[in-house]
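Trainee: Below are the structure tokens for one structure; questions will follow.
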There are 4 protein chains.
Amino acid sequence: MSRRVGLWLIGARGGVASVVISGLAALQRGLTDNCGLVSCLLTFSGLELLDWPDVAIGGHEIRPGCLVDEVRQFQRSSRTLSDQLLEQIEPELRQADAAIRPGILFRAGDAITRLAAPDIAGDDRPPVEKIAQVVSDLREFRESGQLDHVVMINLASTEPEADVGAIPDTWAELEPTLHQTDCPLPTSSLYAIAAIQSGCSLVNFTPSLASDCAAIRELAKANTIAHAGRDGKTGETLIKSALAPAFAMRNLQVMSWVGHNIFGNMDAQVLDDPENKQAKVATKDGLLGEILGYDPQSHISIEYIRSMGDWKTAWDHIHFRGFLGTPMVMQFTWQGCDSMLAAPLVLDLFRLTERAARAGQSGVLDWLACFFKSPMDVSENNLTHQFSLLQQWAGDLQR
Amino acid sequence: MSRRVGLWLIGARGGVASVVISGLAALQRGLTDNCGLVSCLLTFSGLELLDWPDVAIGGHEIRPGCLVDEVRQFQRSSRTLSDQLLEQIEPELRQADAAIRPGILFRAGDAITRLAAPDIAGDDRPPVEKIAQVVSDLREFRESGQLDHVVMINLASTEPEADVGAIPDTWAELEPTLHQTDCPLPTSSLYAIAAIQSGCSLVNFTPSLASDCAAIRELAKANTIAHAGRDGKTGETLIKSALAPAFAMRNLQVMSWVGHNIFGNMDAQVLDDPENKQAKVATKDGLLGEILGYDPQSHISIEYIRSMGDWKTAWDHIHFRGFLGTPMVMQFTWQGCDSMLAAPLVLDLFRLTERAARAGQSGVLDWLACFFKSPMDVSENNLTHQFSLLQQWAGDLQR
Amino acid sequence: MSRRVGLWLIGARGGVASVVISGLAALQRGLTDNCGLVSCLLTFSGLELLDWPDVAIGGHEIRPGCLVDEVRQFQRSSRTLSDQLLEQIEPELRQADAAIRPGILFRAGDAITRLAAPDIAGDDRPPVEKIAQVVSDLREFRESGQLDHVVMINLASTEPEADVGAIPDTWAELEPTLHQTDCPLPTSSLYAIAAIQSGCSLVNFTPSLASDCAAIRELAKANTIAHAGRDGKTGETLIKSALAPAFAMRNLQVMSWVGHNIFGNMDAQVLDDPENKQAKVATKDGLLGEILGYDPQSHISIEYIRSMGDWKTAWDHIHFRGFLGTPMVMQFTWQGCDSMLAAPLVLDLFRLTERAARAGQSGVLDWLACFFKSPMDVSENNLTHQFSLLQQWAGDLQR
Amino acid sequence: MSRRVGLWLIGARGGVASVVISGLAALQRGLTDNCGLVSCLLTFSGLELLDWPDVAIGGHEIRPGCLVDEVRQFQRSSRTLSDQLLEQIEPELRQADAAIRPGILFRAGDAITRLAAPDIAGDDRPPVEKIAQVVSDLREFRESGQLDHVVMINLASTEPEADVGAIPDTWAELEPTLHQTDCPLPTSSLYAIAAIQSGCSLVNFTPSLASDCAAIRELAKANTIAHAGRDGKTGETLIKSALAPAFAMRNLQVMSWVGHNIFGNMDAQVLDDPENKQAKVATKDGLLGEILGYDPQSHISIEYIRSMGDWKTAWDHIHFRGFLGTPMVMQFTWQGCDSMLAAPLVLDLFRLTERAARAGQSGVLDWLACFFKSPMDVSENNLTHQFSLLQQWAGDLQR
């Protein structure tokens, strides 16, 4: 009998998740081609990745509501999915919705807490209780669906930056704090712990902390769990990681690199809060220095412009010096539908992580670097070099 | 005593050559930094490349005139070189000018012939006489300057596309046609033959044919001459070779890629003639299909806009399909001073080719691919991969 | 009983007409707001313009096919109209389709003739026969619909430029040529003559000649027919007529103005033929000199890029000199859905022309200048001043 | 004997003033043409405006330094003025420098106070003393230069927004507060009072308050002083006032208008302080609502990017709805040298204000509206309509 694997989404009714679930249904029904899916590139065809029909969907969500409504709302604001497609996949949407459970929150900040159903927040309950709830939901998902494995992917809105200095470096020290309401971990890390303790693989598609601290990495290692992150590289930063190397390879000195992003989805709304925005800007801004070998003045702004909906437009202005000190300019604009760019990468990460877990690999999957703005354990930011890591992993696996 | 090597420029009073000569003088006097020079990157520091003071300059030019005037004219139209710098390097400009000889023309087309001094054209004299003149000029340059080696770099305006079908495949068959006025070779190839027969290395920085046909490659091999080409990758195409791989690696289907270039220097004036433009568009347009694995609709236009002078502005519009067939758009504009981008690459190619010749290497230097729009013998067009070839060559040489 | 007026479209199943008919149906059913409709601005509210329910639709079309299919095809390629809207207005589309008659062609050039149903071309039949056919269709439309008046609006693809020198200056001289197959008039002018002879008002929304020659103007005058043209000002040129005055008013010298247009609808396909393109470029390029008082170098290109469909993207690069001769740059990109921009103007022109005819006005309606790229009888191209003409007409009428 | 008039600049060694003084010298010596000068347009040729040789220059400056150094510094960072020009006009620069006096500061905020020479600040001295100092400087300038009139133009850095609610509405009430150190007026208003009390005309080229409050307007009226403001309309806002009307006239609904400005001169440095930036954004943002008749979401950001120097680059993204609710996009980038755009307008305002004063006009010169982002007493923001006011004034004066 064929293997059956669950994809568990945190933020399961958000924009990205809506497209992940809709897109998966379209793929299962053969209503769309492979466009945008990295894992469907010819170079990975020998990997025996999971087939679309063998994927089951579930997840956590802090907001009340119904997935079909969310998808319709997304359709209206983004003008992308056709009425016809939605009609065809409505059964899958209803089925996925039935597997979505109320999520948890802890130290999530005002911008996020404001969105949650009233019974969900409550920093007065210790993390350990919240983790237990997640563990229980994951167990039920696995058992009721007779799943061989589950991969949790965090798609929730960006949290305020965690105070990493306050987090103990070992699991032995961290574990006791989970019983206290002043535990320094953010929500994403509680999900990570729950996943690890449930034997699930884990991908962090957001800038939030999740498993990216010493104590939780230690826990993952001890439980032989595969994990990866952080922050899906979907648009402006993707282009940066392809373009910036050209300046480096030509010895053209980047004097300043300015990026201005506007969009109007719920993500943007949350980022409109300064403490959430800071966490995002940090992951977007880091790669230039590594690629160039020096730090040009850089400025990134992200503004919530309602009318843009899910269409994120970025304007980048690159001011550089050439021969004899001559200043020159390159500008680009990127007009992408954010969730349409993110969703296929989520499906790719699911399939690739599942494949690694199936092959018995655990710890940080650093060869997934090309998918992330701030890849864990990888300082290389040249997109081509990052992609070579992925190809090399695939090659090794097929040998 | 230190090695002394000549850099012989075809089109020696043109815009690029003006900046090559001015820039070299500035480097020799320590008036500028290494910005824009690939050969000065840290990664090549162990190669023992030639020092700036050990370079002597000469060349061929079909137009009458004086280098100092050309440089001043360039300065006025491009607003880049300072009055102060020009004053300081005037002695070097006058010295270089004294080493410039009248060039040759053969089947050069109307747009170029129109620019030439009246005594230069003359398709009624057989190629063999023209080659002899170039050989004689090169010998004099070498002897009078007591040079250890000479590298010829072709910077002349783009020729009309040669009828390559009419060119015999072997040197034995080609050689006799040089005595006839209906010889199918263009000017650039006569220069190439002269260089090879004079023992000079050869770099073709233009889209013209030069040494890129079977018979002349054979001649180069027989004479153990190092050569490379074609068409310096300075701006829009450089960016394409960095950007297009990002679409390929994300499985985003490029539906169309439109590039519109405007500039107003002499190069643009020559390209304003349709037969010359066609040759240029061909080298700019080829790389997309190789990188993407399919041929999107592409359109490249190049327009002569007087007021732009040497500032080439390119607008590129990339229309691509993402997940679920969603169409998205990326646009960029590139505002670069063409000669300021080209000149340092000419100096890099000079130094790297000289180094290869010094190491006894000959034939097509395919590891120079990252410098060219249509690199000879290399189908790889991903800039990062091309750069790796260069680094690998450097590594091998230092081992 | 209320007045009922017919809108007769030439090119009645093309992109613009498809949206005109769909949009009119949506307005009649109250399914959309007034966005994009100039005639719905507050400043014209006292004009007693025709109400949407009082408009009847018909027209000529040279291509075989069915309007519902054309609209669906437009929807797919432009991703604009919703499935839901199309379902609701299908009855109106079918009704309009039933009133569409086979069009005529004469000296239409290859690009257009290629599109036509086989029985339509035929330059061997004299114009007078073709005119008679149109007159007969218009009469039937008017009588069967019990219409008080009919306004013909030409939306057909751009014809090759007519040889205006060959057209006689008086109707007395022109009339006899209509009986000959070497008559110098293009198709658009035959339609114009038919409209005038049928007592219909006439609007030329294309760059084609139509009524814009002395002899046909004379005929219109003699028949007290109101007419206007040429070439609807929908996008790039609209912006030019708003922007260029700013440079003039600040004494900033425009050195060059480059416009590059890409799109992929049938209009673009026809313009891909050089003789049709020339006619278009002429109307787009004329206004700069008039606004600025001198002729900067200007370059307009229009390229057929399939993937763009009806989304016309224009990039404009304006290079100008400021104080102390300092060169500066403004660039803009315009991303508009061409038919969505044109269609409301067609409805506006219909209502305003109908209002003028109702008020007994005839001859060239020069106060409609703000709607056209090359307004007949108006040299003013500053958009604000053109709009003032319209406001003044409206004011006079209401007094 | 010919009339001789003084131009007194506040911020006399800043970027704009540097170019005003350099440009005036170049005009006096006939070294440049009239490009960028509105007052030199043909339409104003009958006004008998002051000739360049009849202008004398002086001003106030809070920073220590020397004008020649400032101009050289400007030249280096902006790459605009030629070495040759600077050499020729050095005598005029030295002469102007000799007429520059130490300025005053009061409630100027940290960002500005930080720049000042140590002896200049001092909010502990009452305004009346500071005004007296300015009055004395102006008297000396007038007498020593035997000037018939003086026009003061404020070019100083943007002040933090004044607390206008705290400023009394009548001069009788305001005057006593000048003797107190808690007077609510900002520096610009003290300069304004001094100018008025000295019989000087007054132009406020900045967003600061200056004469724009009831009490000081009253004072100007009582003294029959001509004054105008606020905030010179040089670049992005100029274009907005030309473009936004096009959307209004086409009934295209602007959903959002985002403007992102980057530059690196001292102005930008001061605006980098949030309280100064707020004042600027307010004048840039006001005009949209007036032109469109409703308030779209708008967002303006201004960022200090060192490498840009005086070259201000603005990216504007306009998201609008067309027919049937179709969303479309227009974007523009403006790359202008800020001081080169501002300086000629300063000379224009000087000449036009002088002409008005000569004709005995006083009070707010509202017909100068086209020069300002927030014109005093004029709500009209359509650039063409504003320009008509200027033409009408000129026409009336010549009648």
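Trainee: Among what's in the range D:274-299 and is at pLDDT 90 or above and more than 10 Å from every other protein chain (Cβ to nearest Cβ), pick the residue that is surrounded by the fewest Cβ atoms within 10 Å (Cβ to Cβ). Even if it seems obvious, please write down each step before you answer.
Mentor: Looking only at the range D:274-299, we keep the residues that are at pLDDT 90 or above, and these are D:288-299.
Narrowing further to those that are more than 10 Å from every other protein chain (Cβ to nearest Cβ): D:288-292, D:294-295.
Numbers: D:LEU288: 23, D:GLY289: 14, D:GLU290: 15, D:ILE291: 21, D:LEU292: 18, D:TYR294: 9, D:ASP295: 11.
Within the range D:274-299, the match that is surrounded by the fewest Cβ atoms within 10 Å (Cβ to Cβ) is D:TYR294.
Trainee: Follow-up question, since we're still on this one. How about the range C:369-393: which of its residues are away from every other protein chain (no Cβ under 13 Å), assigned to a helix (DSSP H, G or I) and among the hydrophobic types (A, V, I, L, M, F, W, C)? Break it down into steps so the answer makes sense when it comes.
Mentor: Here is the first cut: in the range C:369-393, the ones away from every other protein chain (no Cβ under 13 Å) are C:372-379, C:392-393.
Then keep just the ones that are assigned to a helix (DSSP H, G or I); that gives C:392-393.
Within the range C:369-393, C:TRP393 is the sole residue that qualifies.
Trainee: Out of the residues in the range C:300-341 that are more than 7 Å from every other protein chain (Cβ to nearest Cβ) and of a type in the set (Val, Ile, Thr), which is farthest from D:ARG79 (Cα to Cα)?
Mentor: Step one: list which residues in the range C:300-341 are more than 7 Å from every other protein chain (Cβ to nearest Cβ), which gives C:300, C:302, C:304, C:309-312, C:314, C:316, C:318, C:320, C:327, C:338-339.
Cutting the leftovers down to of a type in the set (Val, Ile, Thr) gives us C:300, C:302, C:318.
On the way: C:ILE300: 31, C:ILE302: 35, C:ILE318: 20 Å.
Applying the filter and picking the extreme gives C:ILE302.
Trainee: So which residues in the range A:51-76 are surrounded by 23 or more Cβ atoms within 10 Å (Cβ to Cβ) and under 23 Å from A:ARG3 (Cα atoms), if there are any at all?
Mentor: A:ILE57, A:GLY58, A:GLY59 - these are the residues of the range A:51-76 that are surrounded by 23 or more Cβ atoms within 10 Å (Cβ to Cβ) and under 23 Å from A:ARG3 (Cα atoms).
Trainee: Within the range D:48-55, is there a residue that is touching a residue at least 12 places away in the same chain (Cβ under 8 Å), in contact with an Asp or Glu (Cβ under 7 Å, 6 or more places away or on another chain), more than 14 Å from chain C (Cβ to nearest Cβ) and within 19 Å of D:ASN204 (Cα to Cα)?
Mentor: So far as the range D:48-55 goes, no, none of its residues is touching a residue at least 12 places away in the same chain (Cβ under 8 Å), in contact with an Asp or Glu (Cβ under 7 Å, 6 or more places away or on another chain), more than 14 Å from chain C (Cβ to nearest Cβ) and within 19 Å of D:ASN204 (Cα to Cα).
Trainee: Return the only residue of D:LEU105, D:LEU81 being modelled with pLDDT under 95, within 11 Å of another protein chain (Cβ to nearest Cβ) and in contact with a helix residue (DSSP H, G or I) (Cβ under 8 Å, 6 or more places away or on another chain).
Mentor: Details: D:LEU105 fails: within 11 Å of another protein chain (Cβ to nearest Cβ).
It is D:LEU81.
Trainee: Still on this structure, please answer the following. Residues of the range C:180-200 being assigned to a helix (DSSP H, G or I) and closer than 16 Å to C:THR353 by Cα, which ones? Lay out the reasoning, then the answer.
Mentor: We begin by selecting, within the range C:180-200, every residue assigned to a helix (DSSP H, G or I); these are C:187-197.
Across the range C:180-200, the qualifying residues are C:ALA192, C:ALA195, C:ILE196.
Trainee: I would also like to ask the following. Do we find that C:ALA162 is outside any helix (DSSP H, G or I) and surrounded by fewer than 22 Cβ atoms within 10 Å (Cβ to Cβ) in this structure? Steps first, please.
Mentor: Numbers: outside any helix (DSSP H, G or I): yes; surrounded by fewer than 22 Cβ atoms within 10 Å (Cβ to Cβ): yes.
In short, yes.
Trainee: Within the range A:93-101, is even one residue surrounded by 24 or more Cβ atoms within 10 Å (Cβ to Cβ), in contact (Cβ under 8 Å) with a residue 12 or more places away in the chain and within 14 Å of chain B (Cβ to nearest Cβ)? Step through it out loud before you land on a result.
Mentor: Within the range A:93-101, the subset surrounded by 24 or more Cβ atoms within 10 Å (Cβ to Cβ) is A:96.
Okay, now just the ones that are also in contact (Cβ under 8 Å) with a residue 12 or more places away in the chain, so A:96.
Those still in the list that are within 14 Å of chain B (Cβ to nearest Cβ) too: none.
Checked the range A:93-101: no residue is surrounded by 24 or more Cβ atoms within 10 Å (Cβ to Cβ), in contact (Cβ under 8 Å) with a residue 12 or more places away in the chain and within 14 Å of chain B (Cβ to nearest Cβ).
Trainee: Among residues belonging to the range A:102-128 that are of a type in the set (Lys, Arg) and touching a residue at least 12 places away in the same chain (Cβ under 8 Å), point out the one that is surrounded by the fewest Cβ atoms within 10 Å (Cβ to Cβ). Spell out how you get there, then give the answer.
Mentor: Let us first name the residues in the range A:102-128 that are of a type in the set (Lys, Arg), namely A:107, A:114, A:125.
Okay, now just the ones that are also touching a residue at least 12 places away in the same chain (Cβ under 8 Å), so A:107, A:125.
Values: A:ARG107: 21, A:ARG125: 13.
Ranking the candidates gives A:ARG125 first.
Trainee: Here's a check for you: in the range A:342-363, which residue that is touching a helix residue (DSSP H, G or I) at 6+ places or on another chain (Cβ under 7 Å) and aliphatic (A, V, I, L, M) is nearest to the other protein chains (Cβ to nearest Cβ)?
Mentor: It comes out as A:ALA343.
Trainee: For residues that are of a type in the set (Ser, Thr, Tyr) and without any contact (Cβ under 8 Å) to a residue 12 or more places away in the chain, tally how many sit in the range A:129-171. It would help to see each step written out before you state the result.
Mentor: Narrowing the range A:129-171 to residues of a type in the set (Ser, Thr, Tyr): A:136, A:144, A:157-158, A:170.
Checking the rest, the ones that are also without any contact (Cβ under 8 Å) to a residue 12 or more places away in the chain come to A:136, A:144.
Residues that pass the stated criteria total 2.
Trainee: Run down A:GLY23, A:GLY14 and say which single residue is surrounded by 15 or more Cβ atoms within 10 Å (Cβ to Cβ), within 18 Å of the chain's Cα centre (by Cα), closer than 21 Å to B:PHE247 by Cα and touching a residue at least 60 places away in the same chain (Cβ under 8 Å). If you could, list the steps in order and put the result at the bottom.
Mentor: Numbers: A:GLY14 fails: closer than 21 Å to B:PHE247 by Cα.
So the residue among A:GLY23, A:GLY14 that is surrounded by 15 or more Cβ atoms within 10 Å (Cβ to Cβ), within 18 Å of the chain's Cα centre (by Cα), closer than 21 Å to B:PHE247 by Cα and touching a residue at least 60 places away in the same chain (Cβ under 8 Å) is A:GLY23.
Trainee: Next question, about the same structure. Please find, within the range B:248-257, the residue that is nearest to the other protein chains (Cβ to nearest Cβ) out of those that are surrounded by 24 or more Cβ atoms within 10 Å (Cβ to Cβ) and touching a residue at least 24 places away in the same chain (Cβ under 8 Å). Before the answer, list the steps.
Mentor: Residues of the range B:248-257 that are surrounded by 24 or more Cβ atoms within 10 Å (Cβ to Cβ), as a first pass: B:250, B:252, B:257.
Still in the list and also touching a residue at least 24 places away in the same chain (Cβ under 8 Å): B:252, B:257.
Values: B:LEU252: 6, B:TRP257: 9 Å.
Checking each candidate, the answer is B:LEU252.
Trainee: Report yes if A:SER157 is in the same structural domain as A:ILE62 (by TED's automatic domain parsing) and assigned to a loop (DSSP other than H, G, I, E, B), otherwise no.
Mentor: Working: in the same structural domain as A:ILE62 (by TED's automatic domain parsing): yes; assigned to a loop (DSSP other than H, G, I, E, B): yes.
So A:SER157 fits the description; yes.
Trainee: Further question: May I ask you to verify whether A:VAL55 is over 30 Å from A:LEU185 (Cα atoms), of a type in the set (A, V, I, L, M, F, W, C) and touching a strand residue (DSSP E or B) at 6+ places or on another chain (Cβ under 6 Å)? Before the answer, list the steps.
Mentor: Numbers: over 30 Å from A:LEU185 (Cα atoms): yes; of a type in the set (A, V, I, L, M, F, W, C): yes; touching a strand residue (DSSP E or B) at 6+ places or on another chain (Cβ under 6 Å): yes.
In short, yes.
Trainee: Let me ask something else about it. Tell me whether the range C:186-193 contains one or more residues that are farther than 16 Å from C:GLY11 by Cβ and modelled with pLDDT of 95 or more.
Mentor: Within the range C:186-193, the first condition is being farther than 16 Å from C:GLY11 by Cβ, and the residues that meet it are C:193.
Remaining after also requiring modelled with pLDDT of 95 or more: C:193.
Among the residues of the range C:186-193, at least one is farther than 16 Å from C:GLY11 by Cβ and modelled with pLDDT of 95 or more, which makes the answer yes.
Trainee: Of everything in the range A:338-367, what is part of a helix (DSSP H, G or I) and of a type in the set (A, V, I, L, M)? Give them in sequence order.
Mentor: Let us first name the residues in the range A:338-367 that are part of a helix (DSSP H, G or I), namely A:338-358, A:366-367.
Scanning the range A:338-367 gives A:MET340, A:LEU341, A:ALA342, A:ALA343, A:LEU345, A:VAL346, A:LEU347, A:LEU349, A:LEU352, A:ALA356, A:ALA357.
Trainee: Given the options D:ILE318, D:ILE302, name the one that is at pLDDT below 95 and either part of a strand (DSSP E or B) or among the hydrophobic types (A, V, I, L, M, F, W, C) (or both). Give the steps one after another, and end with the answer.
Mentor: On the way: D:ILE318 fails: at pLDDT below 95.
Residue meeting the stated conditions: D:ILE302.
Trainee: If you don't mind, another one. Within the bounds of the range B:219-226, is there any residue that is within 14 Å of another protein chain (Cβ to nearest Cβ) and either more than 30 Å from A:LEU368 (Cα to Cα) or surrounded by fewer than 21 Cβ atoms within 10 Å (Cβ to Cβ) (or both)? Before the answer, list the steps.
Mentor: Residues of the range B:219-226 that are within 14 Å of another protein chain (Cβ to nearest Cβ), as a first pass: none.
Within the range B:219-226 (the criterion being within 14 Å of another protein chain (Cβ to nearest Cβ) and either more than 30 Å from A:LEU368 (Cα to Cα) or surrounded by fewer than 21 Cβ atoms within 10 Å (Cβ to Cβ) (or both)), the answer is no, since none of the residues qualifies.
Trainee: Taking the criterion of being closer than 25 Å to C:VAL258 by Cβ, surrounded by fewer than 24 Cβ atoms within 10 Å (Cβ to Cβ) and at pLDDT 95 or above, would at least one residue in the range C:335-354 satisfy it?
Mentor: Yes - at least one qualifying residue is present in the range C:335-354.
Trainee: Spot the failing condition for C:ASP148; the list is (1) more than 24 Å from C:ALA342 (Cβ to Cβ); (2) touching a helix residue (DSSP H, G or I) at 6+ places or on another chain (Cβ under 7 Å); (3) acidic (Asp, Glu), and only one is missed.
Mentor: It fails just one condition, (2).
Residue-wise test of (1) without any contact (Cβ under 8 Å) to a residue 12 or more places away in the chain; (2) within 30 Å of A:MET328 (Cα to Cα); (3) out of contact with any strand residue (DSSP E or B) (no Cβ under 6 Å at 6 or more places or on another chain).
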{"site": "C:GLY289", "(1), (2), (3)": "yes, no, yes"}
{"site": "C:THR313", "(1), (2), (3)": "no, yes, no"}
{"site": "C:PRO344", "(1), (2), (3)": "no, no, yes"}
{"site": "C:ARG351", "(1), (2), (3)": "no, no, yes"}
{"site": "C:SER362", "(1), (2), (3)": "no, no, no"}
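Trainee: Out of D:GLN180, D:GLN197, which single residue is at pLDDT 95 or above and either polar (S, T, N, Q) or not assigned by TED's automatic domain parsing to the domain that holds D:GLU354 (or both)?
Mentor: Numbers: D:GLN180 fails: at pLDDT 95 or above.
After applying the criteria, what remains is D:GLN197.
Trainee: Among the listed residues D:MET249, D:MET266, which satisfies the condition of being under 20 Å from D:PHE332 (Cα atoms) and not assigned by TED's automatic domain parsing to the domain that holds D:ARG114?
Mentor: Working: D:MET266 fails: under 20 Å from D:PHE332 (Cα atoms).
Result: D:MET249 is the single residue among D:MET249, D:MET266 that is under 20 Å from D:PHE332 (Cα atoms) and not assigned by TED's automatic domain parsing to the domain that holds D:ARG114.
Trainee: Failed condition for B:ILE10, given (1) at pLDDT below 95; (2) touching a Gly at 6+ places or on another chain (Cβ under 8 Å), with all others met?
Mentor: (1)
Trainee: Condition (residue is in contact (Cβ under 8 Å) with a residue 60 or more places away in the chain, closer than 30 Å to B:ARG72 by Cβ and surrounded by 22 or more Cβ atoms within 10 Å (Cβ to Cβ)) applied to the range D:83-91: is it met by at least one residue?
Mentor: yes
The values are calculated or read from the model by the stated rules, or taken from the named source; none is laboratory data. What you see is a predicted model; the values in this text were computed from it and never measured. Quick reminder, even Gly has a Cβ in these numbers, built from the backbone with ideal geometry, and neighbours come from all protein chains shown.
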